Structure formats: C-alpha cells, structure tokens
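A.B. asks: Got a structure for you, written out below as structure tokens; questions coming shortly.
The values are calculated or read from the model by the stated rules, or taken from the named source; none is laboratory data. Computed from a prediction, not measured in an experiment: that's the story for all the values here. No Cβ is skipped: glycine too gets one built from the backbone with ideal geometry, and neighbour counts run over all protein chains shown.
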Amino acid sequence: MDMSAPLLTGYGIWVPVAWLAASVVAGIVIYLLWKTGESSYKKGTELERPYLSGNMEPEKGAVHVRASNLYWGFLQALKGYYDVLVPVHTGVLTDYMIWFVAVTAAILVFVGVLS
C-alpha cells in the first residue's frame, strides 16, 4: 500500500516532509549567508551614519524635499483641473456630505432612468 495515496489531491501531492526539509535547507543557507556578513559592526557608532563621500551629513530640514517641489510637474500638467477643483474644496465636512448625497442621488436617478 502506498503511504502517500491519501495525500493525492488531483492537483498534485502534498508532502509535508519535503516542505520541512526545504525549509531546513533554506534556513541553513540563510544562516550561512548571515554569518559571512560584516562582524565588526557596532550599534551606536560611526558605522550607523550614511556614507556621503566624506561630506558631513546636512541637517534634516536642509535636505527635505517639499511636496510642492516634488509634485511640481504633476501640478503644472493638471493646472486646469486643479484651478476648478481647489475653490470647490472648502474643508468643511458638511459641504463634502452635500456633494456626496447629490452625486449619489444623481447616480440613482441615472440608473433608475436606464432600467
């Protein structure tokens, strides 16, 4: 009697021993790769600082990229769209709820007319 017969599913065979062996082999390979890493690393020393070709690391505020700079091209490409939408967005929650109810009502009317 074949011991793996109950494990046949029609889509292949489930062999937990093979998965366990593969996991152990993968774990050993990962451990060996980890052991070949740099062993002189010490937390809290100069080794943690980024290498910037010998230059000192600038202050965080000096290298921060503002969103207005980051999305400049995107905003310029859609300037006509944003010029219309920005005044509509007031930041008041009740205004947004009115828009939500109005658009939902329009969609329901549109669907009701078509059906």
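A.B. asks: Checking the condition of a type in the set (D, E, K, R) and more than 28 Å from the chain's Cα centre (by Cα), which residue from E57, E38 passes?
C.D. replies: On the way: E57 fails: more than 28 Å from the chain's Cα centre (by Cα).
Exactly one residue qualifies, and that residue is E38.
A.B. asks: Identify the residue in region 14-50 that is in a loop (DSSP other than H, G, I, E, B) and basic (K, R) and, among all such residues, is surrounded by the fewest Cβ atoms within 10 Å (Cβ to Cβ).
C.D. replies: Just the residues of region 14-50 that are in a loop (DSSP other than H, G, I, E, B), to begin with: 14-15, 36-45, 49-50.
Adding the requirement that they be basic (K, R) leaves 42-43, 49.
Working: K42: 8, K43: 6, R49: 9.
Ranking the candidates gives K43 first.
Condition check ((1) more than 32 Å from the chain's Cα centre (by Cα); (2) at pLDDT below 80) across all residues:
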site	(1), (2)
T9	yes, yes
P16	yes, yes
G44	no, no
S53	no, no
W99	no, no
G112	yes, no
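A.B. asks: Now, a different point. G91 versus (1) modelled with pLDDT of 85 or more; (2) in a helix (DSSP H, G or I); (3) loosely packed, with under 10 Cβ neighbours inside 10 Å: which is the lone unmet condition?
C.D. replies: For G91, the exception is condition (2).
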